[in-house]
Each structure stands twice: as structure tokens, then as C-alpha cells.
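Where a number appears in this text, it was derived from the coordinates with a stated rule and is not lab data. Bear in mind the structure is a predicted one, so any value in this text is a computation, not a measurement.
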Amino acid sequence: MDKQWILFPLHLMPLFAVFTHGAASSTCPMDLSYVGSIPWDTSICREDPIDKKHCCDTLRSVFAIGLAERLKDHHIFYLPDPNTSSACLHDFTRRLSALSIPQNMVPFCFPNPSRFVFNSSACLGIRTVEDWNFTVGDDTPLNSTCNGDLKDKTRCRVCSDAADTLKNKLKAIDPRADATKCFYYIVLYAAALVNPFGTTDISTTSCILCLENSAVAQGSSHGVELWKLGFALMGVGIGVVLAVMMIVVYRKWDERKRQSVYHREIEKKVRACVLPNAGAKWFHVEELERATERFSRKNVIGQGGDGVVYKGTLSDGAVVAVKEIYYLEGKGDEEFCYEVEIISRIKHRNLLALRGCCISSDDLEGKRRFLVYDFMPNGSLSDQMCCYGANRLTWPQRKSIILDVAKGLAYLHYEIKPPIYHRDIKPTNILLDSKMNAKLADFGLAKQGSEDESHLTTRVAGTYGYVAPEYALYGQLTEKTDVYSFGIVILEIMSGRKVLDVMDSSAALITDWVWTMTESGKMEEVFDQSIREGQEKIMERFVLVGMLCSHSAVALRPTIVEALKMLEGVIDTPQLPERPMPLGHESFQSSLLHGLQRSG
């Protein structure tokens, strides 16, 4: 785990008196009793001589546990004032003394008590979790990558990569923000509110806070003692040892042989999935390692719950996007083959084509799966609308993107037999090439329709806010499931608003807000401010089509072909039907969430 998870920078200024004489009359609001009970390697700060840098890194991680616990309980980052901070450090010193750690290490490692006091300039003015959700959103890359057992090195690495991605997002929102301080907020949030095992669990302390576990150190010492014992008895037990070694070697050899056979079978299966005329290439993992500088963190351009995307340059100079897919145990190979098969079959200017794929398996990294696409220099629609401000897109660009997505969906629904339902239409899955042409991507959740183009499924997939109500509630999947998501995207593009608006509690969902504006005769207020001086009649038509597509009643939604013709002005837009029950209604939201949780 990269040491950048370590939280506090070291500034060496003597403030010893603050810690030895207490902190005025303030009391510490943090319960630091965990200092003497959690498994951490205290010997780091008791060795003679003490490695001060190593010790300070460790103490900062231990203190951060208390800050994370306070954030978890009270939803407040940092401490309220310098006196309170000094009181906490004084209590921290007292508890470390009980562990035979020198008192002077605390003022040495924590020279400035105000470091833990809220400052409006720390990171975009974030003080509470409510501020965090308003600024960052309550669905970040952390939520899908740091919410499990992080003792596994691969999961820990993915969590760390997600933190880097989020740090860059915060920096993009406000270039003046202090990246180090923002990263500290991210670490506390991940430890306090994302990881379900708690702030003192080894899964949290060892990965997110980089705290060395005493169990590891003790295990190492214990291993030395066993080695000494084994050496002393070597003459007596040499035969037994050799026998055991032979068994272990044989088992490893047999396991590697079976893994090799399994690997070849999977490779053969995946190769068979790729149609001969699809033009997709079979990559070796070494090629992708060279292209991405051994999957360097600096080349990460995307992060999600199912994997991470790297930017890479192939030996022929082609710039590509390499998606490494992380699967749950037991179902990865089938899903990977299915996705490769689907993407290999589609050829359309508005669908992201597969350049190639790769599978790899070894003792160190385990099973790995990769998909390789052409790199899209303008990122995703979400990047254009969120990270840089919605007004970056002109009206012609918005119009073109909406039409491109409609054409891509029409191809999936009507030009492929049986039809393909994407099931996860959203801005992050709409990529933009150098000319701002839109391409639908990420077919990991795609599903082929049945003969009557309508069936039920017990596994509902998709993203909250974009999933059609009948699909979330009853598992009813049709082509109009994608149409609903497409309608939401239209309204987001036209208004510059997110699907869920935490600023407006009376109309949190974009559909409810648009209907309210339209019924009040304020259609022009739906348009993003930067495009209000334009072709208002055409823009009004696009909004109306978005409202029709995202109607909660399946029968009232057009097909994607009908929606495309309305957008192009080939056919008239019908009169708006009655307003559906607001999806933001508490009972409706409860049912939707229950449906998604039931499937997940």
C-alpha cells in the first residue's frame, strides 16, 4: 500500500509545552481508549535508537483512528478549536506513556495542534458529511472499492487507486484546493463511513490508515523461534522434513499444472468467443504492462466497482484504454466471455468497439482479465458535465451527443437479433472521441432480449437514478428499460443538472423537477443557462422527448426509434400525458431502493 495514505505532514517545531501541561480547560471529544487495545506495533516507537520518521508515521495513523471514529459518530471532519485539539493530543500523550512510548515523541510528531482544527480553506470548505455529499456526491469511487475486506492486497490497491481518482476530482472542482489536505479528508471518509468493518478493524487500519499490525510483527518473531527450534532438531527430523518438502513441492507442481490447464481452457474459450471477422486482437499481458508502464497509478483514467481503466500506448503508437476487470469469485469467466462476445458482434460508429482482450493467471497476481479499447481523448459525458462545469458543452454538442446515443441504442435494439439491452445507460458510460462524437461503452451488464422482447429477471442491474421503475421493482426488462435511462440522460444534458439534486430536497430527482418547471410554464428554466440564447423550439422538443422517455409508465414511453425520429423532427412530439406520480415521493423511493437491494 502506497505510503501516501499516511495522513499528516511532518513540520518540526518545538511545542512540547502544549502537550506536557495539558490544554487549558478544554476536554477532548474523542475516545482514545483504543490506543492501548488495538493491535499495533508499539515497538516502532520504543526501539533504541528510535526511527523517528517511522514512529511519527505510525503515531499519526493511530491518532487518525480517533478522528475517523468522531467523523463516523458526529459526521464532522476535524476538531472545533486549538484548545480542543491540544486536549486530545495531551490525552494521546498520556495513553502512549502507558505503553512506554517517550512523551517527547508526540510534540515531535505533532508540532502544530491547529493542524487538526477545521479551516475553511482546508479542502473546498468541507466541514461536515453533508458538505462532503454536496461537493463530492454520496456515490464516489470509494463506495464501491473500499467497502469490503481490504486485507487482500489487490482490493487494497483498488481502494487506494480510487482515493487518487477522487483527489484529482476534488482538485478539478477547485484548482486552488490543497491536494494533500483533500487526500486526508478522503482517507478519513473511507475509514469512517465507507468500510463496514469499523475504524479499529485491521482491514481499515492496515490498508486505509497504513498502520502496521503487531500481529504481523509477533508472527515474524514467532517464526524466528520456530526456525531456531527446527535447526536444533534438524539432525533428528531430517527425514520428516524432506518428506514434507517433497509433498509440498509436488502439490505446488500439481496445482500449477492444473492452473496451466485451466488457463489454457479459459483462453481457448475466450478466443472462441471473439468472432473471426470481428478484428479483435488477442493481447499478452506483457504487452499491456509495457503500454501502461506496468499499470502505473498515474495512468488511471477511470475507476468503478467492477474494475479500473488505464491509459496506455501500444508498441505501434496507438493510444488505448485498458480495462482491468475485477470479478467476484466463481462467475468471472462466464461474464468476461459474455462481454467479449457481445462487444465483438457490434460495429457501429456510436458504440465503443473492442480492440482486443487478454487473460492472465499467475501465483502472485492471480486471475486477471483485460479489455482493450481505443482511447477517447475527451473522456466521458460525466467528465464534461461534472468535473469542468456543464456550460463547457455548447448546444450543438449537446444535440449531437443526444442523437448519437439514440442511434447507438437503436442499433442495439433493432439491428441485432436478438436485441441487446444495455441496462446501464448513464453519463459515465457515454464516451467522447476527439471530435466530440458520442459512443456507448461498458457492456458488462448488457443482456440479450428474449423472443418476445420482454422477460423477467431476478438480478436487477444498473445505477440508482437511471434504472426504470418497473425494472427495479419487478425485474421486468424490455427495450424501454434503456429508453427510460436515455430519457434521464437527455434531461441531464439539457439542464446541466445531475439526476439526483441534493440542493433541492423538494424535487431531488431530475424528472420531478422538470415536470414541475414545465407545468409552471417555466420551460426555459430547464435549459442550462449557457444555452438559453439559442434554438428554443428545438431545445423544447428535446426536453419533451426526455420527459416522455423517462415517464414511469412503460406504455407511455416511445421506442428508441420513435424517440430518435421525434428528436430529428421527422415525426411530431405527442402531447404530454398526465404527470406520473413523482418518483421522488418517499414511498416510491423506498420501493425502488428495496428492489435494487433485493437484486444486489
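Tabulated values for the structure
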quantity: For region 480-499 and region 71-130, distance of Cα centres in Å; calculated: 44 Å
quantity: q = 0.08 Å⁻¹: log10 I(q)/I(0) that the Debye formula gives for region 3-215, counting C-alpha atoms only; calculated: -0.26
quantity: Listed residue pairs exceeding 20 Å between alpha carbons, taken from Lys298/Lys439; Lys323/Lys435; Lys311/Lys407; Lys439/Lys537; Lys480/Lys565; Lys153/Lys367; calculated: Lys298/Lys439; Lys323/Lys435; Lys311/Lys407; Lys439/Lys537
